[in-house]
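These notes concern the structure reproduced below.
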Amino acid sequence: MKLQGKIALVTGAGQGIGRGIAELLAEQGADVAVNDISLTAEGTENVVEWIRSKGQRALSVQADVSNRDQVQAMFDKVWRELGPIDILVNNAGIETILPFLEITDEQWTRVTDIDLRGPWLCSQVFCRRATAEGRTGNIVNIGSVQAAKILPGRTHYAPAKLGIEALTRNMSAEMTPLGIRVNCVHPGFVATNMTSWIMEDPEILKNVVAQISVGRPGVPRDIANVVAFLASEDSSYVTGQSLHVDGGWIYK
Ligand code: NAP
C-alpha cells in the first residue's frame, strides 16, 4: 500500500493500459479519478465500480484531454469531489496508421493534439493548481516504444510520442525544484483495444512477438507496475526519465 492516502487522476482510463494503471494505483492505496473521453462513460463507470469494490474512493470524470475548458473542469471536479490530486498519469492517446504522403492537416493535428498537447495541457493545469496551493505532486506520462522504433505509417504518432520524452525532461527541470517529479513510461506492444488488429491476426502476432525478447505481448499490468513505482516514494531520486517497458522489443 505504497500509495495510501494519495489521490490520483489517470486519463484515458476507461479501458486498456489506463484501466490497468488506475486499478493498480487503487490496489496500492490511492483514491482514483478515472478519466475518459467516452460520452457514455460506461468504461469509466466499470473501472470506478471495480476500484470501490477494493475499498478505495473513485470518481468517473469525462473530458477530452486536448480541450482546455474540459480539462480545467475535470481538475475542478476531482479537486472538489475527491480532493487535491497528488498523482497525474497522462495516459490518454490515440494511434492511427496512415502513409506519410496521405496524411491531412486535420489528421496530423488530431493525433498530436491528443497525444502531445493533451499531456502538456493536463500537466500545466495540474501544476498551476498544485503549486498555487503549495502542494507537491507526481506526473507520469505514457509515451510509446515508437519514440525509439520506426513502425510504418506513424509520421504523426511517433513524433508526438518522442515529443513526450522532451516534454518529460523539460517539465521535470522546471517542476522538480517545486516538488513535482515528472517521468515517462514508453510501452512496447501491449494487448489492448488499440492493438486488437494485431492480437486478432495470428500471422502478424507471431511476427511481432518474434521481435520481443521476453517472448510475449505486454499486458496493462506490465506498464502499471512501472507507473506505480514512478508514482511512489520508492523512486524519489528519479525524475525527467523515460523508461522503455517493452520486453526488449527495441533492443532485439
Ligand atoms: P486504448 O485501449 O485505445 O485506450 C485509450 C483510452 O483513451 C480510450 O478509452 C480512449 O477513449 C481514451 N481517449 C482517447 N482520446 C482521448 C481524449 N482526447 N481524452 C480522454 N481520453 C481519450 O489504448 P491503450 O493501448 O490502452 O493506450 C494507452 C496509452 O498507451 C496511449 O497513450 C497509447 O498511445 C500508449 N501506447 C499503447 C501501446 C499499446 O501497445 N497498446 C503501445 C505504446 C503506447 P475512446 O476509446 O472512447 O476513444
Among Ile142, Ile180, which is hydrophobic (A, V, I, L, M, F, W, C), on the phi < 0 side of the Ramachandran plot and away from the ligand (no atom under 14 Å from the Cβ)? Ile180
Condition check for Gly163: in a loop (DSSP other than H, G, I, E, B) and surrounded by fewer than 21 Cβ atoms within 10 Å (Cβ to Cβ): no
Filtering region 149-177 down to residues that are among the aliphatic types (A, V, I, L, M) and touching a strand residue (DSSP E or B) at 6+ places or on another chain (Cβ under 8 Å), which residue is nearest to the ligand (Cβ to nearest atom)? Ile164
Of Ala92, Ala63, the only residue that is more than 13 Å from the chain's Cα centre (by Cα), of a type in the set (Gly, Ala, Ser) and closer than 30 Å to Gly153 by Cα is Ala63
Where a residue in region 4-19 is closer than 15 Å to Ser232 by Cα and its partner, wherever it lies, is open to solvent by 30 Å² or more (accessible area, probe 1.4 Å), with Cβ under 7 Å and at least six apart: Ile7/Pro84
Hits in region 100-139 (condition: without any contact (Cβ under 8 Å) to a residue 24 or more places away in the chain, away from the ligand (no atom under 12 Å from the Cβ) and under 28 Å from Gln72 (Cα atoms)): Asp105, Glu106, Thr109, Gln124, Arg128, Ala132, Gly134
Within region 1-19, of all residues that are near the ligand (Cβ under 8 Å from one of its atoms) and not polar (S, T, N, Q), the one most open to solvent (accessible area, probe 1.4 Å) is Arg19
From (1) free of Cβ contacts under 8 Å to residues at least 40 places away in the same chain; (2) more than 20 Å from Thr11 (Cα to Cα), pick out the condition that doesn't hold for Leu162. (2)
Checked region 206-227 for anything within 13 Å of the ligand (Cβ to nearest atom), in a helix (DSSP H, G or I) and under 21 Å from Gly143 (Cβ atoms); matches are Val208, Pro220, Arg221, Asp222, Ile223, Ala224, Val226, Val227
Answer yes or no: is there a residue in region 103-114 that is basic (Lys, Arg) and within 26 Å of Met1 (Cα to Cα). no
Of residues in region 202-246 being of a type in the set (Asp, Glu) and within 21 Å of Gln4 (Cβ to Cβ), the one least open to solvent (accessible area, probe 1.4 Å): Asp234
Residue among Val111, Val78 that alone is of a type in the set (Val, Ile, Thr) and under 24 Å from Ala8 (Cβ atoms): Val78
Could you tell me whether Ala30 is more than 11 Å from the ligand (Cβ to nearest atom), buried (at least 24 other Cβ atoms within 10 Å of the Cβ) and touching a residue at least 24 places away in the same chain (Cβ under 8 Å)? yes
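The values are calculated or read from the model by the stated rules, or taken from the named source; none is laboratory data. Just so it is clear, the structure is predicted and the values come from calculations on it, not from any experiment. Because the Cβ atoms are built from the backbone with ideal geometry, glycine has one as well, and the counts that use them run over all protein chains shown. Calculation scope for accessible area: heavy atoms of the full protein, side chains included, ligands and nucleic acids excluded. Shrake-Rupley method; radii C 1.70, N 1.55, O 1.52, S 1.80 Å.
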